[in-house]
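Read the figures in this text as sums done on the coordinates, not as results from a lab. Values in this document were obtained by computation on a predicted structure and should not be read as measured data. Positions of Cβ are backbone-derived with ideal geometry, glycine not excepted, and every protein chain shown enters the neighbour counts.
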Amino acid sequence: MKSELSTCSRDNLNTEVSSGDLSYVIYTSGTTGKPKGVMIEHKNVVNLIEQQSVIFNLDTVHSSSHPQKMALWYANYVFDAHVWDVYSVLSFGHTLHLISKEIQTDLSLLHTYIVENRIQIATIPPVLLTTELILPLDTLIVAGDTTHPEVMECYRREGVDVINAYGPTESSVCATYHHYHEDDNALNIGQPITNTTTYVLDEYLRPVPIGAIGELYIGGAGLSRGYLNLPELTEERFLVNPFQSEDEKEIGYNDRMYKTGDLARYLANGDLEYIGRNDFQVKIRGYRIELGEIESALLSYEGIRQSIVLAKENSSGLKYLVGYYVSDTSFNPEDLSVYLSGLLPEYMVPSAYVHLELFPMTLNGKLDRRALPEPNFTGDKEYIAPTTVLEKQLAEIYSEVLGLPVESIGLHDDFFRLGGNSIMAIKLISKIHQGLGLQASVAGV
């Protein structure tokens, strides 16, 4: 075999692959839950790899002063983050470490592996990171979800270069990035990578002022071909770029832009700050609410490491907010509400809270909002069943308004802690007056 190989040509194979040929199709469900194939071309991947070589200093010749780098392959191969983990490292001749599922999901085992194998570069899902155990890396990349500022700060103090990377699958994994130590802003996603453009626009595709929130659009060399066999969705999400310059038109570059569905704003220095999903805006009691704003407020409560806020609907069709949080111990819901009331309007304070030890994760390492449990609406006080006729009648009215089983409502339960709000309270007062002939007030409720 050796003798046969020695006679073979050392020249690169003529594969006749062009930059516009399809490199891979990877499926993403986004917020719809329905998988769609995103078509990525070779030029998209090459642009990413070249940018990574700059970020991680991969293209230097290996020597005693520039030894081979050790990087971790963490992402599942069905998730586009594996493209980020794998190909740039191999393309420039560095070492890639594959780890078992057991090590992936156990921070202590992962820490040991990184120490024993002198891993320098790794992209780790934010949901796995804590302040108690710091992974001894040179460079930590966080992406996919927001990372708690305390976690980023702990890594920074240990000398780890924390990079906050952002990018939808449709823009070939990464569109912007930011070194956390530059301004200690955990929501800063930085500026576009090479050959990439970003725009923050209003609903009429007009640029918004610096500091104003708008929807983020992405253009440039990383933009995918579109969705496989979904021409209408491709047309809806990949728009003609009205900001393409004359020079760009001449070379056929940057003629489209992708509508991300993410909200962002420009900071004074030109960096982008991530706000949240556009489709995570909900309307409750006539107010348009950005769930990410509530999540940030809840995250600032001491001891809370992660937070998610969802809008739910009870059996009466009324919407209410539920705050989910990860911490070592659960907190009194009343204390959380009082704290949030000092930061947010009353209508943005959740009606219920759910404490979890860990948030559920998807196969891709992202938070799985669909797997979060339903809130258990029980009062804060010891349950005492209503006994008199009036108490039972009031419990039935509470049950009807709140959409809860009547047997779950105790004598000393607080209407608002059971999920009520001011609009529900008005409805409650009306039903009490109509059904029982009694006068009540919102303050009395």
If r is the Cβ-Cβ distance from residue 25 to residue 335 and R0 is 51 Å, what FRET efficiency results, to the nearest 0.05?
0.55
Give the average over all directions of the projected area of the C-alpha convex hull of the stretch 16-174, one decimal, in nm².
10.5
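Can you flag which of 312/366; 2/69; 319/427; 392/427; 312/427 are past 25 Å Cα-Cα? Walk me through the numbers on the way to the answer.
Details: 312/366 21 Å; 2/69 30 Å; 319/427 14 Å; 392/427 18 Å; 312/427 19 Å.
Violating the 25 Å limit, Cα to Cα: 2/69.
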Using all C-alpha to C-alpha distances in the stretch 126-202, build P(r) with 5 Å bins and read off the rounded percent in each one.
3, 16, 27, 23, 15, 9, 5, 1, 0
For the residue pair residue 68 and residue 328, what label-to-label distance in nm results when each label sits 7 Å from Cα along the Cα-to-beta-carbon direction?
4.2
Potential lengthening between residue 15 and residue 115 on full extension [0.36 nm per residue; Cα-Cα distance subtracted]:
32.0 nm
Would you mind telling me which residue in 75, 395, 186 has the biggest mean-square fluctuation in a Gaussian network model of the chain, where springs connect alpha carbons within a distance under 10 angstrom?
395
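Write down the Kirkwood hydrodynamic radius of the stretch 38-109, to one decimal in angstroms, obtained as one divided by the mean of 1/r over all alpha carbon pairs. Write out the running numbers ahead of the final one.
Numbers: mean 1/r = 0.0743 Å⁻¹.
Over the stretch 38-109, the inverse of the mean reciprocal pair distance is 13.5 Å.
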Under the 0.36 nm per residue contour assumption, what length would be gained going from the current alpha-carbon distance of residue 232 and residue 77 to full extension?
53.0 nm
Difference of contour (0.36 nm per residue) and Cα-Cα distance, residue 346 to residue 368:
5.2 nm
Overall Cα dimensions of the chain - principal axes, largest extent first, Å
99, 53, 44
By counting other Cβ atoms within 10 Å of each Cβ, how are 8, 174 ranked from fewest to most?
8, 174
Simple spin-label estimate for residue 7 and residue 277 in nanometres, 7 Å along Cα-Cβ
6.1
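Considering just Cα atoms, how many Å³ per residue does the convex hull of the stretch 285-371 enclose? Display every interim value, and only then the final one.
Details: hull volume 9.4 nm³, N = 87.
It comes to 108 Å³ per residue, whole-number rounded.
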Sort 236, 295 by Cβ crowding within 10 Å, fewest neighbours at the top.
236, 295
How do 15, 105, 234 line up, fewest other C-beta atoms within 10 Å first?
15, 105, 234
